[in-house]
Amino acid sequence: MVNNPVGVDNTFRKKIDREEFLQRARERERQEQEEDERRRSKGKGPPVQRKPLKQRDYEIDLESRLGKTQVVTPIAPLSQQAGYYCSVCECVVKDSANYLDHINGKKHQRALGMSMRVERASLEQVQQRFELLKKRKPAGSFSEKDLDERIQKQQEEEEERKRLKRERKKEKKEKEKAALQDQEDVDPDIAAMMGFGGFGTSKK
């Protein structure tokens with residue numbers, strides 16, 4: 001058996017340096033804590049205070065391009081593509097119903113800086129609104145005379161409808177009479193020779 005020289009490690013066992021591993025563990029814990037803090041700060045920032053919903057002060061244009069033809073190319077900018085373009089969200093919606101849903105929706109309102117909550121009106125605001133509506137509509141604009149005129153107009157329209165209906169009925173009867181008269185004028189022998197004896201009438 002050969003003796004190993006002094007100072008040579010021939011045990012082939014892994015040596016564990018406790019200090020090194022403790023330091024690695026502390027470093028790993030510190031990194032995990034930093035990542036957690038970063039994640040929390042991203043996810044939960046201070047709550048954004050948004051304005052309550054307000055009534056639109058502009059008219060929505062849904063009919064300006066109605067009935068017009070347009071050449072659509074894939075390289076055209078979004079604002080010139082087919083459909084309704086929203087400049088706030090930079091998207092194109094294909095029809096008017098979806099466009100209205102979009103501009104009244106959460107995403108669009110958030111882009112405008114509004115929440116989906118409506119501001120609660122105070123008593124004074126409601127009274128001011130009533131006053132404004134009273135001023136807009138002149139006093140005494142609706143009277144019994146107006147009501148009588150509307151009823152009379154409605155009755156006249158109803159009578160006109162009935163008269164037209166009677167005239168149509170009368171015209172229809174006259175056409176039927178004329179058809180019967182033509183039928184009677186046909187000679188029965190010629191009708192039999194041609195293959196029809198009559199048009200469902202017993203008159204001769």
What number goes with the only condition from (1) assigned to a helix (DSSP H, G or I); (2) of a type in the set (D, E, K, R); (3) surrounded by 12 or more Cβ atoms within 10 Å (Cβ to Cβ) that residue 129 does not pass? (3)
Within segment 96-123, can you find the residues that are in contact (Cβ under 8 Å) with a residue 24 or more places away in the chain and within 30 Å of residue 66 (Cα to Cα)? 96, 99, 100, 103, 109, 110, 112
Hits in segment 85-114 (condition: farther than 16 Å from residue 53 by Cα and among the charged types (D, E, K, R)): 90, 94, 95
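Since every read-out is calculated from the coordinates, none of them should be taken as a lab result. Please read these numbers as outputs of a predicted model, since none were measured by experiment. Cβ atoms come from the backbone with ideal geometry, glycine included; neighbour counts cover every protein chain shown.
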